[in-house]
Amino acid sequence: MQYRIEGMDCASCVRKIETALARMPGVSDIQLNFATEKLELTLASDSETQLNDVEKTIKRLGFGISATTDQAIAEDGTGDKQLDTQQQHWWQTRKGKQVVGLGILMSVAYALALIFPDYGMWAFAIAVIVGVFPFARKSMALAMTGTPFSIEMLMSIAAIGALIIGEAEEAAAVVFLFSVGELLESVAADRARAGIRALASLVPKTAILLDAQGGQRDVPAVSLQINDLVLVRPGDKVSADGVIAQGDSSLDDSPITGESIPVAKAIGDAVFAGSINMEGVLHVRVEKTAADNTIARIITLVEQAQASKAPTARFIEKFSRYYTPAVMAIAALVIIIPPLAMGGEWATWLYRGFALLLIACPCALVLSTPAAIASGLAVGTRRGLLIKGGSALETIGRVNVVAFDKTGTLTEGKPQVTNVIAFTQKQSVQEYIGSADQNEILALFASVESTSSHPLAKAIIDHAKAANISIPIASKAYVTAGKAVHATVVDRTLAIGSPVYAATETSISLEQNAQIEALQNEGKTVSVLFDEQSREVLGLVALRDELRDDAQAGVAQLKAMGVRSVMLTGDNRLTAQALASHLEIEWEAELLPEDKLRLLNEMKGHSKVAMIGDGINDAPALATADVGIAMGGGTDVAIETADIALLKSRVTDVAHLIALSRATMSNIHQNVMFALGLKSIFLITTVLGITGLWIAVLADTGATVLVTLNALRLLRFKGAR
């Protein structure tokens with residue numbers, strides 16, 4: 001059986017559902033993926049458990065469930081399925097309406113308390129009852145299905161306990177804040193799933209199928225079969241993984257490799273679904289169906305990584321499994337044993353038992369930990385660090401290895417001209433422009449490239465314009481796809497191509513070749529300008545995606561904090577080695593998405609790993625790392641998949657993140673130890689009769705106030721030293 005589950009806000013929801021289903025006879029092979037909301041299970045044919053029993057159980061836990069048809073499953077597998085309904089705004093959801101309603105009730109209660117003090121408590125009591133009812137009902141359902149001490153149970157006990165002893169205002173605040181937290185988790189979960197849906201949109205929905213007679217017809221991309229022949233025009237996205245059967249061109253593979261410079265490909269070369277054809281017309285023979293193409297595999301990797309990632313469970317929920325039942329048991333023993341065993345008065349020990357229940361009320365813990373997290377998230381947002389929840393904020397501080405993607409992360413993400421070399425004599429260049437040296441060559445480069453939309457061409461033209469160089473008008477421009485661009489400048493035919501292409505068309509001297517190799521060894525892409533009539537090499541332009549201004553400082557800060565940095569890139573080894581040596585970090589090059597995933601899993605075997613990237617190809621790695629961090633200038637998919645986004649795209653912000661996390665966790669530990677220490681002291685004094693109910697109220701509310709004030713100290717966080 002396959003179902004779609006709705007309403008899962010965090011990964012702990014998966015455990016609750018699996019625990020409930022595992023207790024049902026005849027149910028086995030339970031697989032629930034939080035990221036895709038898909039549930040798969042096996043139901044024995046002779047089992048007393050019926051299909052509607054499964055649905056009722058899940059609905060009783062507070063989640064939505066709908067059966068998935070075979071057709072929908074197939075569509076999901078190809079990434080072609082759209083949402084059945086338009087995404088709701090947060091205030092339109094059930095949890096959003098609950099938060100808005102509670103907010104209104106709280107406002108009314110505060111107003112009544114000010115105007116009619118005698119009735120204020122009743123107004124707060126109504127808010128508590130209305131707000132806690134859904135949580136109490138869910139906690140009872142969880143208790144009946146194998147999860148007795150859930151965070152919902154803890155929340156219900158905290159609110160009802162505070163209400164019983166007359167702290168209705170405090171109880172209402174606890175319920176409201178908890179409801180807000182649940183809503184924020186729901187919104188974050190929906191945004192994460194939107195990132196996976198965005199991946200599927202990279203592959204075009206239609207393809208141009210070529211038949212044996214050369215005819216063309218539009219067909220759905222999902223219908224393509226192996227060995228079909230498809231037409232890919234300039235500007236089109238490749239509709240399926242395959243090989244080029246006819247034509248040559250430059251393809252933008254950035255959706256797959258993340259690299260910004262298009263790759264020249266010809267007959268026999270592999271192409272990926274989602275790549276963009278830049279120039280020539282291609283005939284591509286399909287080698288993989290839509291369900292198995294590169295983008296589909298990336299989607300699967302993201303889903304599997306999010307499903308298998310062991311999330312940091314919320315501290316309160318973990319602690320409540322032991323703290324709440326233990327203190328409740330102590331309170332029960334305090335009420336029962338002294339009167340029965342020692343002849344004590346029931347009224348006295350009942351009073352002390354109620355005081356213990358108040359001390360057991362975990363209001364300080366429930367409020368103080370989110371207060372510290374909220375302060376950390378707030379100060380992070382102020383610094384341009386978008387942290388998607390407390391779990392990510394907690395985990396990043398324990399990271400001891402940071403894996404960087406190169407392009408757009410450590411580098412700017414766009415090629416820039418680094419060298420211009422003139423080989424011609426001054427007098428020969430005057431025939432073209434009438435000036436001299438490097439500026440003349442740069443002007444010729446820009447003139448020939450002026451009709452091209454290639455990123456390298458744009459970088460050369462922008463460089464020439466920035467230098468205020470006059471660019472001659474070119475004519476008769478055309479492109480040899482994937483090889484060279486040609487144009488006529490002042491009645492002379494010029495061409496710009498790679499060193500390999502130029503070597504077939506001209507005679508490159510040993511000295512010129514040595515300069516080309518030296519530039520390539522520095523990780524630079526070299527373009528050669530030559531005269532097609534005289535076969536003379538006129539000059540070179542070298543380009544490279546340069547490091548961000550703060551890359552070196554960012555890596556140095558991490559090293560000072562005891563964090564190891566590694567660069568993982570799909571770029572060539574020479575470029576990677578040149579940049580890594582400048583940064584003094586470890587590196588791996590020429591990696592596909594699955595290679596990055598393999599290396600990350602190896603690192604996770606002995607380290608806590610954060611992955612930083614900006615491209616679609618980084619999505620699987622961002623999802624599988626302990627913490628995924630996306631550059632703010634990256635793709636929407638990377639930002640949605642990651643746990644954290646650096647909105648200002650600064651490498652130094654990684655060190656600030658780790659420092660903020662460590663400060664936040666230190667604050668939380670202080671809060672928890674203080675709250676538990678204070679409660680332990682008053683637990684003893686209450687049992688001994690030294691303190692009573694009112695002191696217990698002060699202990700509980702006082703602890704809440706003090707740990708919250710301590711959490712607010714995080715707002716003064718100044719960043720990594």
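The values are calculated or read from the model by the stated rules, or taken from the named source; none is laboratory data. If you're wondering where the values come from, they're calculated on a predicted model, not measured in any experiment. We place every Cβ from the backbone using ideal geometry, glycine too, and count neighbours over all the protein chains shown. SASA here: full protein model, heavy atoms, side chains in, ligands and nucleic acids out. Shrake-Rupley method; radii C 1.70, N 1.55, O 1.52, S 1.80 Å.
Points to keep in mind about this one:
- Relative to the Cα centre, the charge distribution of segment 512-616, modelled as +1 at Lys and Arg Cβ and -1 at Asp and Glu Cβ, gives a dipole magnitude of about 520 debye.
- By average C-beta atoms within 10 angstrom, highest first, the peptides 600-606, 407-413: 407-413, 600-606
- Sorting MET328, MET342 by accessible area puts them as MET342, MET328; the probe is 1.4 Å, largest comes first, and only protein heavy atoms count.
- Pairs exceeding a 18 Å alpha-carbon distance, out of LYS138/LYS388; LYS59/LYS138; LYS388/LYS718; LYS406/LYS596; LYS406/LYS524; LYS388/LYS648: LYS138/LYS388; LYS388/LYS718.
- Rg followed by Dmax, in Å, when segment 485-607 is reduced to its Cα trace: 19.8, 65
- Accessible surface of segment 197-237, 1.4 Å probe, proportion on carbon and sulfur as whole %: 51
- For the peptides 504-514, 132-142, the ranking by mean Cβ contacts within 10 Å, running from highest to lowest, is 132-142, 504-514.
- For segment 547-637: rounded, prolate or oblate by the Cα gyration tensor [a/c cutoff 1.5]: rounded
- For segment 87-157, accessible area per residue (1.4 Å probe, heavy atoms of protein chains only), Å²: 56
- When peptides 281-294, 207-220 are ranked by their average number of other Cβ atoms within 10 Å per residue, the highest-first order is 281-294, 207-220.
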